[in-house]
Amino acid sequence: MRKRAKTLPGVTRRQVLTWSTLGVAATVSSAANAVSLKGTPGWSPFADNPPETFTNTGWLFFTDTEARTIEAIVDRLIPADELSMGGKEAGCAVFIDRQLQGFYGTFERVYMQGPFHEGTVQQGDQSPLVPQQRYRQGIAALNRYVQKVSQKDFADLTPKQQDDLLVAMEGGKVHFEGFDAQSFFIEVLNNTMEGFFADPIYGGNKEMTSWKMLGFPGARYDYRGYIARHNEDLKLEPLSIGQWQQKDNS
């Protein structure tokens, strides 16, 4: 059975046939001149698969205590310096909170049937726990450990104490009761980096701080006007997905 061809959302079959005809004409042209399609295709960026966002303010998944712990961690993983703001100010904890509240938090789009086996460090957590459960249990286990050692929560430790504990977690040199400290560190580290470099529409990368630091132009989908401009500072201000959506709605 032959499968029916699918067209892009907002693009008619007539347009597809027209573009295909032009392509064939360009191929058989004796002059071998390139054909330029004129007009704007009937689609807009992200129309088919819009990003998952939340309009609510405040913490959506974390409790205040959990949020305070994660904010302390992300600020040590990405401390503020002369290049950019720190992880807390950049919104990395907000990004993680929003991701946990969405389909990532429940692994809605991930196969979650067994068997479950212990994986390597590179594979990450292979348990039946979803990220919401891993964060909730991991934060609780971390603060239980710190309470037992110093009668404080992680957020109340000095920066050096926090760094020392995070280094020990990363190296597998500390063990929490009821939860694997190393796998928890790896997950928070990965999510923190995602929040720092992701589009601001997801809650992190405040003011596009990491994009400006790197010189990344952001969510621009057409660079044809710059292809031939080599080895020069294009001085492009980064654009976010939200800015493109505002253009489409204006």
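Selection of segment 184-207 for residues being surrounded by 22 or more Cβ atoms within 10 Å (Cβ to Cβ) and more than 17 Å from ARG98 (Cβ to Cβ) yields only PHE185.
Among the residues making up segment 131-177, those that are of a type in the set (S, T, N, Q) and either surrounded by fewer than 18 Cβ atoms within 10 Å (Cβ to Cβ) or closer than 17 Å to ASN190 by Cα (or both) are GLN132, GLN133, GLN137, GLN147, SER150, GLN151, THR158, GLN161.
Taking segment 208-218 as the search range and keeping residues that are open to solvent by less than 50 Å² (accessible area, probe 1.4 Å) and of a type outside the set (Ser, Thr, Tyr), which one is nearest to GLY91 (Cα to Cα)? Among those that are open to solvent by less than 50 Å² (accessible area, probe 1.4 Å) and of a type outside the set (Ser, Thr, Tyr), it is MET208.
Tallying residues that are in a strand (DSSP E or B) and modelled with pLDDT of 90 or more within segment 206-230 yields 0. The single condition among (1) over 20 Å from TYR104 (Cα atoms); (2) out of contact with any strand residue (DSSP E or B) (no Cβ under 8 Å at 6 or more places or on another chain); (3) of a type in the set (A, V, I, L, M) that LEU239 does not meet is (2). Applying a threshold of 9 Å to beta carbon distances and a minimum spacing of six or more residues, or different chains, the list of pairs starting in segment 170-185 at a residue that is in a strand (DSSP E or B) and ending at one that is among the aromatic types (Phe, Trp, Tyr) reads PHE176/TYR145; PHE176/PHE184. Checked against (1) of a type in the set (Gly, Ala, Ser); (2) over 21 Å from SER84 (Cα atoms); (3) outside any helix (DSSP H, G or I), ALA140 passes all but condition (3). If you go through segment 61-88 and keep only what is polar (S, T, N, Q) and open to solvent by less than 30 Å² (accessible area, probe 1.4 Å), you end up with THR69, SER84.
The values are calculated or read from the model by the stated rules, or taken from the named source; none is laboratory data. Predicted model only: the values in this text are computed from it and were never measured. A quick note on method: Cβ atoms are made from the backbone with ideal geometry, for glycine too, and the neighbour counts reach across all protein chains shown. Surface accessibility is based on the protein's heavy atoms, side chains included, excluding ligands, DNA and RNA. Shrake-Rupley method; radii C 1.70, N 1.55, O 1.52, S 1.80 Å.
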